[in-house]
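What follows draws every value from the coordinates through simple rules; no lab data is involved. Nothing here was measured: the structure is a model prediction, and the numbers come from that model. Virtual Cβ from ideal backbone geometry, glycine too; neighbours counted across all protein chains shown.
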Amino acid sequence: MSIVDELDIQKLPTHIAIIMDGNGRWAKKQGKLRVFGHKNGVKAVREAVESAADLGIKYLTLYAFSTENWNRPKHEINALMKLFVSTINKETETLLKNNIRLSAIGNLSSLPTKAYKELKETMERTANNTRMQLNLALSYSSRWELTEAMKSIAEKVQKHELEPDSIDEGLLSRHLNTADMPDPELLIRTSGEYRISNFLLWQIAYAELYFTDKLWPDFEKEDLYRAIYAYQNRERRFGKTSEQINTG
Ligand code: IPE
Ligand code: IPE
Ligand code: MG
């Protein structure tokens, strides 16, 4: 029996974000190079996308490459960029067939030209798809994103297009790369690390956090269901008391 049968379809998170971690350790455990782990991580991406779309999740954001990951050895970065290009290329038809829209957040102009072009092309081709939005965080970090938002707001103030008094949470949210999405209700991190690593700091203010020891290439559909099951059994109080939640 699968835990999927225990899920309340009426109470699904609208937006799930995943920090896909542990590819390198997965490869090392079997005496292979780190890149082998990244290649096998693609299978887990496919599983997560397929199961999220089948369940009816509307937004799935995957942390694929952080700003800090640019500090990795050059050959690993090159292998990852190549893998992005070939995977996006291979999967475009599947995205189209399954009515999934591809989007991306991050400093996309810092990506190699080929990766940027491939990404942009698939984003454009899938732009009208409506079943689920698959959002890749590429060359992304939350502090970078917030800094860019501040710059853009400051410029508008300087040009008198915006009054400092009209700056509120909504306005800041609309200046983030995630402006067109609701905040994630559930954040999953694999590989047994208990940190956020500069991911969606603003957007996860009230997300439920779920950590699993599974290394990313081993992450299966059942693991996603387990995370959603855990989410559905949390009491989300948003600062209120338990009594308020249960009588309201
Ligand atoms: C996650 O796996 C993938 C990326 C960060 C690109 P890692 O490459 O971080 O694997 P570990 O954490 O070293 O095992
Ligand atoms: C976070 O994983 C970034 C991605 C999953 C893309 P890292 O492996 O880079 O994070 P740290 O270095 O362990 O915090
Ligand atoms: Mg890691």
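For the chain, what is the per residue volume of the convex hull drawn over the alpha-carbon atoms, in cubic angstrom? Write out the running numbers ahead of the final one.
Numbers: hull volume 38.3 nm³, N = 248.
Convex hull of Cα atoms, per residue: 154 Å³.
Charges at C-beta only: +1 for Lys and Arg, -1 for Asp and Glu. How large is the resulting dipole of the chain about its Cα centre, in Debye rounded to 20? Intermediate results must be reported in sequence, preceding the final value.
Working: 35 positive and 34 negative charges, 228 e Å.
Dipole magnitude for the chain comes out near 1100 debye.
For the charge dipole of the range 1-112, defined by +1 on Lys and Arg C-beta atoms and -1 on Asp and Glu C-beta atoms about the Cα centroid, which residue among 75, 9, 23 has the Cα displaced farthest towards the positive pole? Most positive-ward Cα: 75.
Can you flag which of 32/214; 32/221; 90/221; 32/74; 39/90; 120/159 are past 23 Å Cα-Cα? Could the numbers behind the result be given before it?
On the way: 32/214 18 Å; 32/221 25 Å; 90/221 21 Å; 32/74 18 Å; 39/90 13 Å; 120/159 31 Å.
Pairs exceeding 23 Å: 32/221; 120/159.
The label point for residue 68 and the one for residue 241, both projected 7 Å from the Cα toward the Cβ, are 4.0 nm apart.
Note down the magnitude of the dipole of the range 52-153 about its Cα centre, charges +1 on Lys and Arg C-beta and -1 on Asp and Glu C-beta and zero elsewhere, to the nearest 20 debye.
Computed charge dipole of the range 52-153: roughly 100 debye.
Taking Cα centre as origin and charging only the Cβ of basic (Lys, Arg, +1) and acidic (Asp, Glu, -1) residues, the dipole magnitude of the range 105-232 rounds to 440 debye. Long hydrophobic helices in the chain, taken as whole DSSP H segments with a C-alpha length of 20 Å or more on their own axis and mean Kyte-Doolittle hydropathy at least -0.5: 34-55, 74-97. Taking the three principal axes of the alpha carbon atoms in the range 126-248, the coordinate ranges are 51, 41, 33 Å, sorted in descending order.
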